[in-house]
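The values are calculated or read from the model by the stated rules, or taken from the named source; none is laboratory data. Since this is a predicted model, take the numbers as computed values, not measurements. Positions of Cβ are backbone-derived with ideal geometry, glycine not excepted, and every protein chain shown enters the neighbour counts. For the accessible areas, the whole protein counts, side chains as well, though only heavy atoms, and no ligand, DNA or RNA atoms are used. Shrake-Rupley method; radii C 1.70, N 1.55, O 1.52, S 1.80 Å.
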Amino acid sequence: MTANKSKRFLFDVMMIIVLVIFPHLGLMPMYAFAILLLLLIGGYLRLYKEGFSDIGFRFRDISFRSFWLGGSIGLGFAMLMYWLLGPLLTWLGFAPANVSDFYYIRHNAIQLFVLLAIASFLVIPFEEIVYRGFIFTRIRAMTDDSKYSFAISGLITSIIFTLYHYQEGAGAMISIFIGANFVIWLYKIVKGNLWYLIFFHIVYDIFMLTAIYLGYM
């Protein structure tokens, strides 16, 4: 490994650690840290004469197909998780996902819509850009010598994304890990177009947050 490549490797690892840990420090609300960390990613990429397009986020890639297909798959996956995998994990003895941080939206339509707006227009794009965009891309660059680079990078990214949601409990982490690997597979199918994943994630969260709002979670 050359000196420049070793330096980039070190800085990439440091960036990944910051992106994963900073949101859990409780220093600012989620919309604020999302903006701050996106600016950090943008600045970091510029140091290497790169941009968001290099990690798969391009506005020109947005399309009606990415909206309806990504959203439809997200809805189907949410229903599968809610009615099949969730009950199965409960039957196996795992506690339901800890969603107490979202109890404030229960039977409060205004709070639900505000949260959905923040999630859809900022937090979810942020998570996809960070995890399936930046982290996956940089880990793949680290493992580019292996013919299994995509699979290895996808698995490591899914593990990191799962650990990022540790506060939701073991049962939820199993579901998240399965979902994260499914999303990586979808990412490969759609040839790195993050918009499919963003719409997938948005519809998935709409389903789950609506279930919380109605008191079913």
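Helix 149-164 against the longest principal axis of the chain: what's the angle in degrees, Cα atoms only, rounded to the nearest 10?
That helix lies at roughly 50 degrees to the long axis.
With springs only between Cα atoms under 10 Å apart, run a GNM on the chain and tell me which of GLY56, GLY71, GLY169 wobbles the most.
Between GLY56, GLY71, GLY169, it is GLY169 that shows the largest mean-square fluctuation.
Rounding to the nearest 20 debye, state how big the charge dipole of the chain is about its Cα centre with +1 on each Lys and Arg Cβ and -1 on each Asp and Glu Cβ.
600 debye
Share of the chain's accessible area from carbon and sulfur, percent, 1.4 Å?
Working: 8320 of 11830 Å².
Summing carbon and sulfur atoms, their accessible area is 70 percent of the total for the chain.
Using Cα pairs closer than 8 Å and at least 6 residues apart in sequence, work out the relative contact order for the chain, in percent.
The normalised contact order for the chain reaches 34 percent.
Just to confirm the number: angle between the C-alpha axis of helix 30-47 and the first principal axis of the chain, 0 to 90 degrees, nearest 10?
20 degrees
How much length would be gained if the chain were fully extended between PHE11 and TYR103, taking 0.36 nm per residue of separation minus their Cα-Cα distance, in nm to one decimal? Could the numbers behind the result be given before it?
Numbers: separation 92, 0.36 × 92 = 33.12 nm, distance 3.81 nm.
The PHE11-TYR103 span can extend by a further 29.3 nm.
How large is log10 of I(q)/I(0) for the chain at q = 0.07, 0.09, 0.10, 0.12 Å⁻¹ when the intensity is taken from the Debye formula with one equal scatterer per alpha-carbon?
-0.22, -0.37, -0.45, -0.66
When the scattering of region 1-105 is computed by the Debye formula from its Cα atoms alone, each counted once and equally, what is log10 I(q)/I(0) at q = 0.19, 0.20, 0.24 Å⁻¹?
Evaluating at q = 0.19, 0.20, 0.24 Å⁻¹ gives log10 I(q)/I(0) of -1.13, -1.13, -1.19.
Once the other residues with Cβ under 10 Å from the Cβ of ARG138 are scored (Lys, Arg +1; Asp, Glu -1), what is the net sum?
+1
Helix 3-21: angle to the longest alpha-carbon principal axis of the chain, degrees 0 to 90, nearest 10?
The answer is roughly 20 degrees.
May I ask you to derive the FRET efficiency for LEU75 and PHE150 from their Cβ-Cβ distance with R0 = 35 Å, giving the value to the nearest 0.05? List each step's numbers first, then the result.
Working: r = 26 Å, r/R0 = 0.75.
It comes out at approximately 0.85.
Using the heavy atoms of the protein chains alone and a 1.4 angstrom probe, what is the accessible area of region 67-217 per residue in square angstrom?
Per-residue value: 49 Å².
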